[in-house]
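One structure is given below, encoded as structure tokens.
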Amino acid sequence: MRIIRGAAFSDINQILALIDVFVRQGLLLSKTSYQLSQEINDFLVCEDDDKVIACVALKKFSESLAEIRTLAVNPDFQGLGIGRDLVLNLIKTSPDSSIKNIFVLTYEEMFFAKLGFLKIDRNSLPEKIWTDCVYCSKHDDCDEIAMILSL
Ligand SMILES: CC(C)(COP(=O)(O)OP(=O)(O)OC[C@H]1O[C@@H](n2cnc3c(N)ncnc32)[C@H](O)[C@@H]1OP(=O)(O)O)[C@@H](O)C(=O)NCCC(=O)NCCS
């Protein structure tokens with residue numbers, strides 16, 4: 001059976017294994033087990049017969065602004081609508097009704113455009129969101145596309 005649910009500490013190793021392939025391709029920022037344990041409440045996972053096959057997180061930056069991050073679907077399960085279901089669930093189940101805008105930094109422009117995200121100038125995002133970028137190898141040469149969804 002396939003379900004989407006909030007992530008638990010016991011999912012951390014499976015999430016690390018899931019994102020590893022995309023981290024190595026430069027598509028996602030790497031995470032340590034410690035970082036994930038600090039952020040686990042921000043995550044939803046999709047589980048298929050007890051195996052974590054996809055994940056996503058929502059990180060709040062201010063009263064009204066949040067970021068979708070660490071979105072990954074196991075390659076064997078891509079193209080089945082799981083990425084879309086996860087993002088829609090994340091938005092729908094967020095306990096925080098003060099969030100008005102959700103942004104993403106991504107190479108997957110088409111995927112997010114289909115969910116209603118619009119392309120924006122990266123520099124229009126608040127400076128503090130770039131703090132995580134110091135951990136990225138592309139820090140000085142970022143080519144990700146910034147997109148935003150207004151709720
Ligand atoms: C991007 C990703 C999450 C998409 O997940 P997915 O489960 O394969 O996507 P879905 O099946 O839910 O696709 C939803 C729609 O987007 C489209 N889509 C998905 N990926 C696409 C792509 N790369 N290019 C164009 N369209 C795409 C699908 O065709 C589908 O369109 P439809 O509604 O017309 O049928 C997945 O490919 C992935 O994990 N990529 C690697 C990690 C990554 O880049 N994450 C994003 C970081 S922000």
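Annotations for the structure displayed:
- Of the residues making up region 96-116, those that are more than 6 Å from the ligand (Cβ to nearest atom) and in a strand (DSSP E or B) number 4.
- Within region 23-37, the set of residues being loosely packed, with under 11 Cβ neighbours inside 10 Å and within 10 Å of the ligand (Cβ to nearest atom) comprises GLN25 only.
- Top-ranked residue of region 7-56 - restricted to ones that are in contact (Cβ under 8 Å) with a residue 60 or more places away in the chain and of a type outside the set (A, V, I, L, M), ranked as nearest to GLU144 (Cα to Cα): GLY26
- Number of residues in region 51-76 that are in a strand (DSSP E or B) and of a type in the set (S, T, N, Q): the value is 1.
- Evaluation of LEU105 against (1) under 17 Å from ALA54 (Cβ atoms); (2) buried (at least 16 other Cβ atoms within 10 Å of the Cβ); (3) out of contact with any Leu (no Cβ under 8 Å at 6 or more places or on another chain) (one fails), failing number: (1)
- Single unsatisfied condition, ALA54 versus (1) open to solvent by 10 Å² or more (accessible area, probe 1.4 Å); (2) within 9 Å of the ligand (Cβ to nearest atom); (3) small (Gly, Ala, Ser): (1)
- Number of the condition not met by ILE129 [criteria: (1) surrounded by 18 or more Cβ atoms within 10 Å (Cβ to Cβ); (2) part of a helix (DSSP H, G or I); (3) of a type outside the set (Gly, Ala, Ser); (4) in contact (Cβ under 8 Å) with a residue 60 or more places away in the chain]: (1)
- Residue match in region 40-50 (condition: outside any strand (DSSP E or B), charged (D, E, K, R) and buried (at least 17 other Cβ atoms within 10 Å of the Cβ)): yes
The values are calculated or read from the model by the stated rules, or taken from the named source; none is laboratory data. Keep in mind that what you see is a predicted model, and the values were worked out from it rather than measured. Don't worry about glycine lacking a Cβ; one is built from the backbone with ideal geometry, like all the others, and counts go over all protein chains shown. We work out accessible area using only protein heavy atoms, side chains counted, and drop any ligands, DNA or RNA first. Shrake-Rupley method; radii C 1.70, N 1.55, O 1.52, S 1.80 Å.
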